[in-house]
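*Asks:* Here it is, the structure in full.
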Amino acid sequence: MNTMFAAMLGGWEIVLILAVVLILFGAKKLPELAKGLGTGIKEFKKATREVTEEIQNSSNDTPQRNLPPSAGTTQPNQAVSQSSTDPKA
């Protein structure tokens, strides 16, 4: 959407907008304004990345703790004890 907005603005319109911002905020306030804007964007991206990772992690977690063990599967302790008594080993 940003590229669509930028495509509608020509070179002179961007220069005019920058001039108005310079007049309103002054040359001394512009670095502080840019720093604050950059920090805000950085924090926003970090928060969206954390939320996305949390959603992916929660979707990958399956509630296996609540499911009863199947009849065909063996417990890890049983598999170790059976393999240690195997005469072929």
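*Asks:* At 1.4 Å probe size, with no ligands or nucleic acids counted, give the accessible surface of Glu43 in Å², nearest ten.
*Replies:* Rounded to the nearest 10, the figure is 120 Å².
*Asks:* Given points 7 Å out from each Cα along the Cα-Cβ axis, report the Leu30 to Gln56 separation in nanometres with one decimal.
*Replies:* So the two model labels end up 3.9 nm from each other.
*Asks:* So, one more: Could you tally the net charge around Arg49, taking each other residue with its Cβ under 12 Å from the Cβ of Arg49, Lys/Arg +1 and Asp/Glu -1?
*Replies:* -1
*Asks:* Same structure, new question: Taking the Cα centre of the range 7-52 as the origin and placing charges on Cβ (Lys, Arg +1; Asp, Glu -1), which of Leu24, Val51, Leu37 is farthest toward the positive end of the dipole?
*Replies:* Result: Val51, furthest along the dipole toward the positive end.
The values are calculated or read from the model by the stated rules, or taken from the named source; none is laboratory data. Treat the numbers as computed from the prediction; the structure is a model and nothing was measured. Cβ: placed from backbone, ideal geometry, glycine included. Neighbour counts: every protein chain shown. Heavy atoms of the whole protein, side chains included, go into the accessibility calculation; ligands, DNA and RNA do not. Shrake-Rupley method; radii C 1.70, N 1.55, O 1.52, S 1.80 Å.
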